[in-house]
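Trainee: Take a look at the following structure, please.
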Amino acid sequence: MKVTVVGTGYVGLVTGVVLADMGNDVVCVDNDPEKLDKLRNGVSPIFELGVDELLRSTIADGFFRVSDSIGDGTKHADIVFIAVGTPPGPDGTPDVTAVKAVAKEIGRNIDHYTVVVNKSTVPVGTVDMVTKIILEQGCPQDMFDVVSNPEFLREGTAVWDTKNPDRIVIGSRSPQAASKLQELYSPLEKPTILTDPYSAELIKYASNSFLAIKISFINAISRICEEYGANVQDVAKGVGSDTRIGNKFLQAGLGWGGSCLPKDVAGLIKIAEQSGYDFALLKAADEINNDQTHHFLRRMEKRLGGFSGKTVALLGLAFKPNTDDIRDAKSLVMIEKLLAAGAKVQAFDPVATDNVRAVWPQVDYKDHIYDVTDGADALVLVTEWNEFKSLDLNRLGACMKQKVLFDGRRCYTKANADRAGFEYFTIGS
Ligand code: UDX
């Protein structure tokens, strides 16, 4: 099929290359000339496993190209995806300015029946808004339909997630548009949920918010575990073994960050408020999350007798492993607090260092992992990169002033730490 994707962020680019890899004729549109240059040369502007390879192979096979023109993209395609950013506004409501601008341009250029798909996470009612904007451009209603088709990919595993979704959600009032999208996704052979646009738009917010609540729930349990000397990992195992609950998203840690969970939780709180409902449960999950890193910092501060004059080594800066994304990363909360309290901060991350350096140039960034503890009073594990899980603790500890490990992601055990002479603190035990 002929497909255009407007916006080459995580969602847009990954959707584009995966659809091209499935044999569709794909055009990805963006207005950033630097991004387009990279893409033309088969270089992904985002750090995401497998995207470079798919870009190069689909360009070589003639299934993928880029353009700076939404007009050309619209004329090219039977299906046009809108996958532009919807950053949270000051009150948590997603800012749909970019979606509106793209819809306008699509509306001006439709010259044959086109299915316009909202892929970005957008407020309930955006299908109606996009429909209205396209009609306002003089495009007749029988030339197009607008559909909601939310994306559930995770950063770091985005290509795999897009090829192997648990479900495909299509929110459409038009059977013709829904069946076009079903045809596009049919090679994936995954369950499809056909529903109305409002429900589809809500499914995305409800899914991410539920995941956030699950994490905040186990983090709340971790606080109780700490007081009683129980072990949150065992509690999570016991709870998650109930198939009605499931064992995913029960890893206690410093809390959730990233580009989606914080944004979608804030978005759903606002959506609920606008409908007249006070979503107290979700607000509480958000508060638990905001306090989780501060609670760990308070434990660190107590053990170290204050941060002033201390050197603290951070392992991991990205908001989660396998990405260079630092949006709402817990490392940023830590750095801000530690520097303000007079600590010296040293840090190592496999790929996210440059992004954090741009925000916090005061931090001493190390190029080699084993240099991070040079002269440190404490080592803090912030992001659970795989390579951090089997480090030589003896080597890390050798150059420290005090051998104290604060494990914010439960990658080690007290027994591991003991063997290397480390005093060990972690979440939930
Ligand atoms: C999330 C959703 O999973 C995805 O479906 C949606 O499309 C986008 O948002 P992502 O933000 O890439 O994906 O990361 P995810 O793997 O879900 O992790 C989100 C945050 O939760 C991270 O900060 C992670 O460290 C944290 N987390 C996750 C936990 O603290 N514990 C867990 O058990 C799982």
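Trainee: For the condition among the charged types (D, E, K, R), in contact with a Pro (Cβ under 7 Å, 6 or more places away or on another chain), in the same structural domain as Phe249 (by TED's automatic domain parsing) and under 30 Å from Leu250 (Cα atoms), what is the one hit in Lys204, Lys190?
Mentor: Checking each option against the conditions leaves just Lys204.
Trainee: Let me ask something else about it. Residues that are in contact with a Lys or Arg (Cβ under 9 Å, 6 or more places away or on another chain) and away from the ligand (no atom under 16 Å from the Cβ): which helices (runs of 4 or more DSSP H) entirely in region 337-429 hold 2 or more of them?
Mentor: 393-398
Trainee: Tell me which residues, restricted to region 297-330, are under 23 Å from Cys260 (Cβ atoms) and either more than 12 Å from the ligand (Cβ to nearest atom) or part of a helix (DSSP H, G or I) (or both).
Mentor: Listed by number, the residues that qualify are Leu317, Asp324, Lys330.
Trainee: Here are some residues: Ile224, Ile168. Which one is surrounded by 18 or more Cβ atoms within 10 Å (Cβ to Cβ) and either farther than 19 Å from Asn24 by Cβ or within 16 Å of the ligand (Cβ to nearest atom) (or both)?
Mentor: Unique residue meeting the criteria: Ile168.
Trainee: Still on this structure, I have one more. Tally the residues that are more than 12 Å from the ligand (Cβ to nearest atom) and open to solvent by 20 Å² or more (accessible area, probe 1.4 Å), restricting the search to region 258-287.
Mentor: 17
Trainee: Restricting attention to region 304-328, which residues are crowded, with 19+ Cβ neighbours inside 10 Å and within 17 Å of Ile46 (Cα to Cα)?
Mentor: Once the filter is applied, which keeps residues that are crowded, with 19+ Cβ neighbours inside 10 Å and within 17 Å of Ile46 (Cα to Cα), region 304-328 yields Leu317, Ala318, Phe319, Lys320, Pro321, Asn322, Thr323, Asp324, Asp325, Ile326.
Trainee: Take the residues of region 410-429 that are in contact with a strand residue (DSSP E or B) (Cβ under 6 Å, 6 or more places away or on another chain) and surrounded by fewer than 20 Cβ atoms within 10 Å (Cβ to Cβ): which is modelled with the lowest pLDDT?
Mentor: For region 410-429, the residue satisfying everything is Lys414.
Trainee: Any idea how many residues of region 82-130 are outside any helix (DSSP H, G or I), more than 16 Å from Val29 (Cα to Cα) and either in contact with a Gly (Cβ under 8 Å, 6 or more places away or on another chain) or not polar (S, T, N, Q) (or both)?
Mentor: Adding up the residues that qualify gives 19.
Trainee: Considering only region 192-219, how many residues are surrounded by fewer than 18 Cβ atoms within 10 Å (Cβ to Cβ) and small (Gly, Ala, Ser)?
Mentor: So the count comes out to 3.
Trainee: Exactly one condition in (1) away from the ligand (no atom under 16 Å from the Cβ); (2) assigned to a loop (DSSP other than H, G, I, E, B); (3) at pLDDT below 95 is not met by Thr243; state its number.
Mentor: Condition not satisfied by Thr243: (3).
Residue-by-condition table, conditions (1) touching a Lys or Arg at 6+ places or on another chain (Cβ under 7 Å); (2) crowded, with 16+ Cβ neighbours inside 10 Å:
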{"position": "Leu19", "(1), (2)": "no, yes"}
{"position": "Val27", "(1), (2)": "yes, yes"}
{"position": "Asp37", "(1), (2)": "no, no"}
{"position": "Phe63", "(1), (2)": "no, yes"}
{"position": "His76", "(1), (2)": "yes, yes"}
{"position": "Phe81", "(1), (2)": "yes, yes"}
{"position": "Pro87", "(1), (2)": "no, no"}
{"position": "Pro90", "(1), (2)": "no, no"}
{"position": "Thr97", "(1), (2)": "no, no"}
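Trainee: Filter region 171-191 down to residues that are surrounded by 17 or more Cβ atoms within 10 Å (Cβ to Cβ) and among the small types (Gly, Ala, Ser) and give me whichever is nearest to the ligand (Cβ to nearest atom).
Mentor: Gly171
The values are calculated or read from the model by the stated rules, or taken from the named source; none is laboratory data. Note that this is a predicted model, so its numbers are computed, not measured. Positions of Cβ are generated from backbone atoms using ideal geometry, with glycine treated the same way; all protein chains shown enter the neighbour counts. To get the accessible areas, we keep the full protein, side chains included, count just its heavy atoms, and leave off ligands, DNA and RNA. Shrake-Rupley method; radii C 1.70, N 1.55, O 1.52, S 1.80 Å.
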